[in-house]
Amino acid sequence: MSEMTYAQAARLGLKEEMDRDPTVWALGEDLGFEGGMAGQYKDLQAEFGTDRIVDTPISEATIMGAAIGGALAGTRPIAEMRFSDFAMCAVDELVNQAAKARYMFGGQARVPMVARMPIGIRGGIAAQHSQSPEAWYTHVPGLVVVTPATPADNRGLLKAAIRCDDPVVYMEHKGLWGASGEVDEGDVEPLPLGVARTVCKGDDLTIVTWAAMVGVAESAAMTLRAMGISVEVIDLRTLWPWDKDAVFHSVRKTGRLLVVHEAVQIGGFGGEISAEVSEHLFEHLKGPVKRMGGARIPIPFSIPLEEAYMISAEQVAEKARSFF
Amino acid sequence: MAQDQANEPARIFDMFRKMLLIRAFEEAAGENFFAGNVRGSVHQYIGEEAIAVGICANLRDDDLLTSYHRGHGHSIAKGADPRAMMLELFGRVGGTSGGKGGSMHIADFSVGMLGANGVIADGCTISVGAAQAIKLLKQDKIIVNFIGDGGINRGPFMEALNWAKVYELPVLFVCENNQIAATTTTKTVTAGDGIAARAESYGIPAVTIDGNDLLLVDRTAAKLISEIRGGGGPRLMQAMTYRLRGHFAHDKALYRAEGEAEAALEHEPVRRAEAWLLEQGISESEITNAKEEAEARIAQYVEDAHNAPWPDLKAAFTDVQDVGAPVPGAGQ
């Protein structure tokens, strides 16, 4: 095991896949000199050349569209969008083309591409650089949605996304770029898509979460444990498909479910999880499923205002206590 | 060269047969739309056939092509099976997409036809990416991206022009300028000097030709495709033409000046190619036979489409995705 950051682990996963498969390439703004916003492409252009780490113009629709064309023509492109907010300039290409080509062409096509679009708050980048629109893409047939929370997962899930024959919306959380963690040395297999990770085991309450809220929930669980409340934290890792088996198994045991996500709560993916659990596990529930998400406001700039949007471990612990 | 010239009438006659096949296909598509056999939208290529045929005659089977909503002609010209296309229009088993795509999503990947497209100008960005894949895979294919004149005001078109030139990609952009975008005269909503000027402003060599002149399209395409395949980077051809029908089958095109479409018949490509062939010594009866043959083939395909089975309901749930595939009958 070695210690590395979330960004370094992603770089490692990408490099491994590019070494393994010469048809893997990445395109996006500022991948060469800058090496990506967090160094997740650092020095890869020097190693793999400008045809495989492609610096592009600021043309989001074409970054996405070209990745689709590249996938249809026999390669495995990674479209780096820098911010999920910027990827909104290319939602047409992603939703109308990438997600539907296989279906509307009757199975003649596959679109093995990764649309890499970081989400989340990272300190003062405000309304157009901080959003978490992951729920949007879970609503689109044809797409896979991945939200890694740890360095090891950011390597293993990125490898899985690159090898996947479906278009994958890969949403790293910008607030986690510098987060450190243990990563296996040597070759690792890709992680399976659709399999959650149990962060910590518990018997009294299940917290289901993903991305940056995993660490927050884990911290809340430690506080609660000291207070005698045993919490099981599940990191979904992928939102489509989501690991219903793992969540149902846990909720059958604990009888209580709290879903926590940074994205706006209204219309968020927590609603889907809540509805599924309520419909299918009602008799196992000791009380209503609860959700915690962001307020339905644009992400503000000023420190106290941004903090007003964010969800803290203390708030999660307080919400958890309301079950008892 | 002498041999080429000797072969020219026979070669052009083959292309003419393909134009007739497209014409017959489109007439049948329209008739069956009005008869209620074909649902949705049918955008006919009638009057524009020389462009697709003249260009595709200069492509190899493994070259790629992307199209837009008026894509039947491009598909047939590239070698897609018109019988499977007719079955697709009828929504039946055996259709190019098994009945899941319909008219606007005809594709035949086995002949490099990467799809018609329901979103204007989206084929442009897909094409430049496919061209990047061609380079990465060290292939000597090229890709042709067909677009209508209405598409030139969308951002992806302009982004893709820039992109193709920046990376010197093997793309032939073909703008089929029928001068009308749905029901709006394109020049009334287009600033500047038009499509060729836009391409040239990015450093992309562009030519404007009479797209209803089959021989001219053929000659021009041969030159441009040879330049592109030789590593010359992207090219653009603006092929001037005229849409003899409405935007789609049920559009009566009442926005046109009286007599305009009738006058255009004089310049339409099938009639002109026919006149040239007659001058070269092809007989009237050979022409008549070719027309009857095309119509009979398409009539057979229509009958086949009537007789083909409807898709099994299970097909609605297949080919969505491998990971997280839908479960039939469930919300999820």
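The values are calculated or read from the model by the stated rules, or taken from the named source; none is laboratory data. Just so it is clear, the structure is predicted and the values come from calculations on it, not from any experiment. Don't worry about glycine lacking a Cβ; one is built from the backbone with ideal geometry, like all the others, and counts go over all protein chains shown.
In contact with a Cys (Cβ under 6 Å, 6 or more places away or on another chain) and surrounded by 23 or more Cβ atoms within 10 Å (Cβ to Cβ) - does that describe any residue in region A:13-32?
Within region A:13-32 (the criterion being in contact with a Cys (Cβ under 6 Å, 6 or more places away or on another chain) and surrounded by 23 or more Cβ atoms within 10 Å (Cβ to Cβ)), the answer is no, since none of the residues qualifies.
Taking the options B:D81, B:D62, name whichever one is within 14 Å of another protein chain (Cβ to nearest Cβ), touching a residue at least 60 places away in the same chain (Cβ under 8 Å) and of a type in the set (D, E).
Answer to the selection: B:D62.
Name the residues in region B:105-114 that are more than 7 Å from chain A (Cβ to nearest Cβ), of a type outside the set (G, A, S) and part of a helix (DSSP H, G or I), would you?
From region B:105-114, those more than 7 Å from chain A (Cβ to nearest Cβ) are B:106, B:108, B:110-113; that's our starting set.
Right, trim to of a type outside the set (G, A, S) and you get B:106, B:108, B:111, B:113.
Passing the criteria: only B:V111.
Rundown of residues vs (1) at positive phi; (2) touching a Pro at 6+ places or on another chain (Cβ under 7 Å); (3) touching a residue at least 12 places away in the same chain (Cβ under 8 Å), yes/no style:
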{"site": "A:L44", "(1), (2), (3)": "no, no, yes"}
{"site": "A:F48", "(1), (2), (3)": "no, no, yes"}
{"site": "A:S59", "(1), (2), (3)": "no, no, no"}
{"site": "A:G65", "(1), (2), (3)": "no, yes, yes"}
{"site": "A:G70", "(1), (2), (3)": "no, yes, yes"}
{"site": "A:E80", "(1), (2), (3)": "no, no, yes"}
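Name the pairs: first residue in region B:309-322 and within 10 Å of chain A (Cβ to nearest Cβ), second residue in a helix (DSSP H, G or I) and modelled with pLDDT of 95 or more, Cβ to Cβ under 6 Å, at least 6 apart or on different chains?
Within 6 Å, the pairs are B:D319/A:R102; B:D319/A:Y103; B:V320/A:Y103.
Please work out if A:R76 is of a type in the set (K, R) and within 26 Å of B:L169 (Cβ to Cβ).
Yes: the conditions hold for A:R76.
On the basis of being within 13 Å of chain A (Cβ to nearest Cβ), within 16 Å of the chain's Cα centre (by Cα) and over 21 Å from A:W25 (Cβ atoms), does B:S67 make the cut?
When the stated conditions are applied, B:S67 passes them.
Look at region A:306-323 and say how many of its residues are part of a helix (DSSP H, G or I) and not acidic (D, E).
The first filter runs over region A:306-323 and keeps only residues part of a helix (DSSP H, G or I), leaving A:306-309, A:313-321.
With not acidic (D, E) added as a condition, the list becomes A:308-309, A:313, A:315-317, A:319-321.
Final tally of qualifying residues: 9.
Any residue in region B:306-315 that is in contact with a helix residue (DSSP H, G or I) (Cβ under 7 Å, 6 or more places away or on another chain) and surrounded by 15 or more Cβ atoms within 10 Å (Cβ to Cβ)?
Taking region B:306-315 first, the residues in contact with a helix residue (DSSP H, G or I) (Cβ under 7 Å, 6 or more places away or on another chain) are B:308.
Adding the requirement that they be surrounded by 15 or more Cβ atoms within 10 Å (Cβ to Cβ) leaves B:308.
Among the residues of region B:306-315, at least one is in contact with a helix residue (DSSP H, G or I) (Cβ under 7 Å, 6 or more places away or on another chain) and surrounded by 15 or more Cβ atoms within 10 Å (Cβ to Cβ), which makes the answer yes.
Quick one: would you say B:E49 is away from chain A (no Cβ under 14 Å), among the charged types (D, E, K, R), surrounded by 23 or more Cβ atoms within 10 Å (Cβ to Cβ) and over 15 Å from B:N145 (Cα atoms)?
It is true that B:E49 is away from chain A (no Cβ under 14 Å), among the charged types (D, E, K, R), surrounded by 23 or more Cβ atoms within 10 Å (Cβ to Cβ) and over 15 Å from B:N145 (Cα atoms).
For region A:153-202, which residues satisfy the criterion of being crowded, with 18+ Cβ neighbours inside 10 Å, among the aliphatic types (A, V, I, L, M) and within 14 Å of chain B (Cβ to nearest Cβ)?
Within region A:153-202, A:L157, A:A160, A:A161, A:I162, A:V168, A:V169, A:L191, A:L193, A:A196 qualify.
Looking for something away from chain B (no Cβ under 14 Å), among the acidic types (D, E) and outside any strand (DSSP E or B) - is there at least one such residue anywhere in region A:32-44?
Yes: region A:32-44 contains one or more residues that are away from chain B (no Cβ under 14 Å), among the acidic types (D, E) and outside any strand (DSSP E or B).
Quick check: is even one residue across region A:278-288 within 21 Å of A:P148 (Cβ to Cβ) and at pLDDT 95 or above?
no
Condition check ((1) of a type outside the set (V, I, T); (2) at the interface with chain A (Cβ under 7 Å from one of its Cβ atoms); (3) within 25 Å of B:S201 (Cα to Cα)) across all residues:
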site: B:V93; (1), (2), (3): no, no, no
site: B:T96; (1), (2), (3): no, yes, no
site: B:S103; (1), (2), (3): yes, no, no
site: B:A116; (1), (2), (3): yes, no, no
site: B:I120; (1), (2), (3): no, no, yes
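Tell me, yes or no, whether region B:174-182 has at least one residue that is at the interface with chain A (Cβ under 10 Å from one of its Cβ atoms) and either surrounded by fewer than 24 Cβ atoms within 10 Å (Cβ to Cβ) or in contact with a Cys (Cβ under 8 Å, 6 or more places away or on another chain) (or both).
Looking for residues that are at the interface with chain A (Cβ under 10 Å from one of its Cβ atoms) and either surrounded by fewer than 24 Cβ atoms within 10 Å (Cβ to Cβ) or in contact with a Cys (Cβ under 8 Å, 6 or more places away or on another chain) (or both), one finds none in region B:174-182, hence no.
Given the options A:V195, A:V214, A:V199, A:V208, name the one that is part of a strand (DSSP E or B) and under 23 Å from A:M117 (Cβ atoms).
A:V208
Here's a check for you: in region B:191-209, which residue that is in contact (Cβ under 8 Å) with a residue 40 or more places away in the chain and in contact with a helix residue (DSSP H, G or I) (Cβ under 7 Å, 6 or more places away or on another chain) is surrounded by the most Cβ atoms within 10 Å (Cβ to Cβ)?
B:I195
Within region A:51-60, how many residues are buried (at least 23 other Cβ atoms within 10 Å of the Cβ) and facing another protein chain (nearest Cβ under 7 Å)?
Selection size over region A:51-60: 1.
Across region A:79-110, what is the total count of residues that are among the aromatic types (F, W, Y) and either at the interface with chain B (Cβ under 9 Å from one of its Cβ atoms) or more than 22 Å from the chain's Cα centre (by Cα) (or both)?
2
For the list (1) in a helix (DSSP H, G or I); (2) of a type in the set (K, R); (3) surrounded by 24 or more Cβ atoms within 10 Å (Cβ to Cβ), I need the number of the one condition that B:R83 fails.
If we test B:R83 against (1) in a helix (DSSP H, G or I); (2) of a type in the set (K, R); (3) surrounded by 24 or more Cβ atoms within 10 Å (Cβ to Cβ), just (3) comes out false.
Please go through region B:122-161 and give me each residue that is in a helix (DSSP H, G or I), under 21 Å from B:L59 (Cα atoms) and facing chain A (nearest Cβ under 7 Å), ordered by number.
Result: B:T125, B:I126, B:S127, B:V128, B:G129, B:A130, B:Q132, B:A133, B:I134, B:K135, B:L136.
Could you tell me whether region A:180-201 includes any residue that is among the hydroxyl-bearing types (S, T, Y) and in contact (Cβ under 8 Å) with a residue 60 or more places away in the chain? Walk me through how you get there before you give the answer.
Pass one, region A:180-201, residues among the hydroxyl-bearing types (S, T, Y): A:180, A:198.
Narrowing further to those that are in contact (Cβ under 8 Å) with a residue 60 or more places away in the chain: A:180.
Scanning region A:180-201 turns up at least one residue that is among the hydroxyl-bearing types (S, T, Y) and in contact (Cβ under 8 Å) with a residue 60 or more places away in the chain.
If a residue has to be of a type in the set (A, V, I, L, M) and either within 18 Å of the chain's Cα centre (by Cα) or more than 9 Å from chain B (Cβ to nearest Cβ) (or both) to count, how many in region A:65-78 make the cut?
So the count comes out to 1.
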